[in-house]
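The values are calculated or read from the model by the stated rules, or taken from the named source; none is laboratory data. Values in this document were obtained by computation on a predicted structure and should not be read as measured data. Virtual Cβ from ideal backbone geometry, glycine too; neighbours counted across all protein chains shown. To get the accessible areas, we keep the full protein, side chains included, count just its heavy atoms, and leave off ligands, DNA and RNA. Shrake-Rupley method; radii C 1.70, N 1.55, O 1.52, S 1.80 Å.
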Amino acid sequence: HESRYLPALAVGLQDTLGTGVFAGEYVVASKRYYDFDFSFGMGWGYSAGDGEIKNPLTFLSDTFRSRSGGNVQGGTVPYSAWFSGETVGLFGGIEYTTPLRGLTLKLEYDPNEYSNEPLGNSLDWQSSWNIGLNYRPFQWIDLSFALERGRQFMWRVSMRSDLGLPGISKLAPPPPPLRSPWPSSRLPHPTRRMSRWPSRCPSPRRWTSSTA
């Protein structure tokens with residue numbers, strides 16, 4: 001949770017239950033200052049990209065130096081590989097909230113040069129900087145447009161939901177309220193119905209015997 005002076009911290013795991021081909025871990029801190037939101041983090045494994053900074057956890061134990069490969073079948077949690085590897089990568093970003101309601105501008109640094117992608121799927125790369133914008137006309141939808149890796153344009157439409165909010169606006173009229181099959185004046189009253197039973201039962205005095 002972000003406070004007045006301290007940033008919010010988050011720890012993430014990627015592809016930890018899959019094949020492990022894209023497995024990675026990261027720690028990121030974010031802090032908002034007026035209309036700017038700053039993020040700075042460190043990644044391991046696939047999240048490290050082509051970073052060349054020595055893994056700081058290797059100073060604690062040599063077990064963090066080697067990182068096991070992926071599992072072809074998946075479904076295995078690689079605990080021993082978490083936060084391990086010889087090097088780590090640094091990433092960061094800035095988000096600016098514009099005066100136009102719902103519009104934000106984003107700039108981020110990605111340490112991955114995409115030159116050693118798994119299965120030989122290398123991507124064209126010219127820059128580690130990505131820039132884009134995001135427009136949120138309503139609380140439940142995002143429209144994004146960006147330039148990635150210095151040469152690739154992308155656009156995205158995503159829907160979002162918050163269980164604490166009403167959700168997507170309904171165009172159809174609301175359903176009518178539920179009605180009871182019994183009018184309120186004709187509902188049977190339990191005390192009235194039970195009050196008839198004592199009059200039908202014989203008086204207890206009739207069952208008492210008298211002696212001469």
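Between Thr19 and Leu90, full extension at 0.36 nm per residue minus the direct alpha carbon distance yields a gain of 23.1 nm. Backbone N atoms of the stretch 6-38 closer than 18 Å to the 7 Å Cα→Cβ label point of Val77 belong to residues 11-21, 23-26. The residues Val11, Val157, sorted by heavy-atom accessible surface at 1.4 Å with ligands and nucleic acids left out, run Val11, Val157 from largest to smallest.
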